[in-house]
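In what follows, a single structure is set out as structure tokens and then discussed.
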Amino acid sequence: MVRAPGLHPEGHRFESYITHMKIISHSEQETFNLARKIAQKAKGGEVYALSGDLGAGKTVFARGFAAGLGIKRNINSPTFVLMKIYPVRANKTIKHLCHIDAYRLRSAKDLTAIGAADYLGKKNAICLIEWPERVKNATKKNKIVVTIKHSNKDQRIIKIK
Ligand SMILES: Nc1ncnc2c1ncn2[C@@H]1O[C@H](COP(=O)(O)OP(=O)(O)OP(=O)(O)O)[C@@H](O)[C@H]1O
Ligand SMILES: [Mg+2]
């Protein structure tokens with residue numbers, strides 16, 4: 001496996017739309033930077049399913065993504081509130097970042113119950129869903145699956161498709 005282009009600060013260019021990639025991240029910072037770069041290419045309407053075990057780095061990814069959208073506020077796992085909406089001010093199309101922790105949800109219906117339908121797949125929003133397995137079939141449109149796997153210590157294998 002190769003170190004992915006774009007992970008180095010002065011690295012090679014990224015493809016215009018990042019999909020079907022396998023990346024090795026060696027640190028929290030690298031995961032953060034990867035997500036930040038992906039966010040900078042976001043068009044609006046994307047739904048990111050962030051899949052991975054406890055402590056894999058889903059929230060780190062969400063933080064980097066938020067930074068890439070110019071969000072300055074602190075991002076934490078919305079474990080108890082289930083969904084958090086952050087205003088995006090630095091983008092023409094994207095106005096909201098919707099961060100969902102589906103760990104405590106039981107089906108896609110629960111997503112509607114918490115008000116996520118206002119954001120899922122909407123052009124003026126990006127959704128990041130932690131524990132997407134809990135809400136299978138939440139959306140098919142514009143879905144990007146990011147799988148983060150523990151490799152060793154600070155190393156993670158990140159697949160995007
Ligand atoms: N390469 C890496 N990428 C991301 N996080 C890493 C990496 N190496 C170590 N870490 C650490 O792993 C932890 C990831 O925590 P994070 O909260 O993002 O996990 P999570 O997948 O959101 O877990 P949860 O399911 O509990 O919400 C952090 O403590 C981070 O510092
Ligand atoms: Mg988390």
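Here is a yes/no grid of residues against (1) charged (D, E, K, R); (2) touching a residue at least 24 places away in the same chain (Cβ under 8 Å); (3) touching a Cys at 6+ places or on another chain (Cβ under 6 Å):
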position: Y86; (1), (2), (3): no, no, no
position: K92; (1), (2), (3): yes, no, no
position: H96; (1), (2), (3): no, yes, no
position: Y103; (1), (2), (3): no, yes, no
position: D110; (1), (2), (3): yes, yes, no
position: K122; (1), (2), (3): yes, yes, no
position: A125; (1), (2), (3): no, yes, yes
position: L128; (1), (2), (3): no, yes, no
position: E133; (1), (2), (3): yes, yes, no
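Can you say whether S51 is within 12 Å of ligand 2 (Cβ to nearest atom), of a type in the set (S, T, Y) and more than 23 Å from K141 (Cα to Cα), as far as the supplied structure shows? Judged against the criteria, S51 is not a match.
Looking only at residues in the stretch 97-112 that are closer than 22 Å to G55 by Cα and out of contact with any strand residue (DSSP E or B) (no Cβ under 9 Å at 6 or more places or on another chain), the one that is surrounded by the most Cβ atoms within 10 Å (Cβ to Cβ) is L105. Strands (runs of 3 or more DSSP E) fully within the stretch 67-161 that include at least 3 residues being away from ligand 1 (no atom under 16 Å from the Cβ) and in contact with a Leu (Cβ under 7 Å, 6 or more places away or on another chain): none found.
Scanning the stretch 22-66 for residues being in a helix (DSSP H, G or I) and of a type in the set (A, V, I, L, M, F, W, C) gives a total of 10. I'd like to know if the stretch 9-21 contains one or more residues that are in a strand (DSSP E or B) and modelled with pLDDT under 95. Yes - at least one qualifying residue is present in the stretch 9-21. Every test in (1) closer than 23 Å to I24 by Cα; (2) away from ligand 2 (no atom under 16 Å from the Cβ); (3) of a type outside the set (V, I, T) is passed by K149 save one, and that test is (2).
The values are calculated or read from the model by the stated rules, or taken from the named source; none is laboratory data. Remember, predicted model here, so these are calculated numbers, not experimental data. No Cβ is skipped: glycine too gets one built from the backbone with ideal geometry, and neighbour counts run over all protein chains shown.
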